[in-house]
Amino acid sequence: DSLGAVCETGEINPEKLNKMQRHIIENTRLGIPLLFVSESLHGLFCDGASVFPQSISLGSTFDPELMEEIASVIGKEAYIMGIRQTLAPNIDLSREPRWGRVEENYGEDPYLTAKMGAAYVRGLQSNGVAACLKHYTAHGSPEAGLNLAPVHAGERELRDTFLPPFAAAVEAGAMSVMPAYSELDGMPLHASRFLLTDVLRDELHFDGWTVSDWCGIQMLATFHHVADSRLNAGKTALHAGVDMEAPSAYGYGKEFLAAAEHGEVNLREIDDAVYRILLGKF
């Protein structure tokens, strides 16, 4: 939690991050380095960093070369500060004008968004900082424009309209993907094995890591109500294909670790668990 606070407030101190990194590498059993993360939608979320126009303005340029150059500057500044992953680009399609996050996207057109998103990925990652595609997928058309509301779209519209920007960004080499908070066709994205494994991994050939949206796994229990406990929220998300949890452990916490140590977490036994939950068969 303290690490999250360091990056969320914008008060990123490279010396402090380096001190934390050395402590973890030298004093933990596995010595796995920390992955420091920050926002970078239109500039690194850090005091003193460059600030560029919002994405909707950059989209209006229809200039992928400019977008790549801007993202390269963001990547350089992030790398210097010790950040190795940023939560951008946002390649939702702004197709619901009442939605309060329209300015975060490049517009409503999938072709334009694909071009700009792929350019962002190339620019950012050319400097050793992982891009995170969000919000996978169809998040920009919520019911009544409410940020967490369900999205109503069929598979044809999903494949024709909402997936192409993600496919282009994956092809550009994007290293991470963040599922959307919302439900698509009644299924929470953080619980959708179809979208996170069958489509993202098997069809789009994504080989990076997926990271939950902030408290996205927790919301399977507290908001979507497709899990009745921390443990079942973790099982559901892991089975769907969520590799990492942010900002702190809920589904992948102490209960999950204890269950794994006692042999109670077996992915072969979880198949279609979320569908049973949705049908009211706890």
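So the values come out like this:
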| read-out | value |
| --- | --- |
| Distant-in-sequence amide H partners of residue 139 (H built 1.01 Å from N, under 5 Å) | 93 |
| Anisotropy class of the range 94-242 from Cα gyration tensor, a/c 1.5 cut | oblate |
| Zone of residue 156's modelled label, taken as backbone nitrogen in the range 179-202 under 20 Å from a point 7 Å along Cα→Cβ | 184-186 |
| Pairwise label distance in nanometres, residue 66 with residue 225, each label 7 Å out on the Cα-Cβ vector | 4.8 |
| Solvent-accessible surface (1.4 angstrom probe) belonging to residue 265, in square angstrom, nearest 10 | 40 |
| Solvent-accessible area per residue, Å², over the chain with all protein chains present [probe radius 1.4 Å] | 48 |
| Dipole in debye (nearest 20) - the range 212-269, about Cα centre, beta carbon charges: Lys, Arg +1; Asp, Glu -1 | 40 |
| Options [x] 40, 27, 18; [y] 29, 26, 15; [z] 26, 25, 19 - which one matches semi-axes √(5λ) of the Cα gyration tensor in Å as calculated here | [y] |
| Fraction of accessible area attributable to carbon and sulfur, the range 18-73 (%, probe 1.4 Å) | 56 |
| Carbon and sulfur %, accessible surface of the range 136-209 computed with the full protein complex present, 1.4 Å | 49 |
| Set of lysines near residue 134 by C-alpha distance (under 19 Å), chain-local residues within fewer than 8 positions excluded | 115 |
| Net charge of neighbours whose Cβ lies under 10 Å from the Cβ of residue 165, counting Lys and Arg as +1 and Asp and Glu as -1 | -1 |
| 5 angstrom amide H check on residue 177, placed H, neighbours 5+ away | 133, 209, 210, 211 |
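The values are calculated or read from the model by the stated rules, or taken from the named source; none is laboratory data. Bear in mind that the values here come from a model prediction, so they are computed numbers and not experimental data. Cβ sites come from the backbone with ideal geometry, for glycine too, and all protein chains shown count toward neighbours. These accessible areas exclude ligands, DNA and RNA; they are computed on the full protein's heavy atoms, side chains included. Shrake-Rupley method; radii C 1.70, N 1.55, O 1.52, S 1.80 Å.
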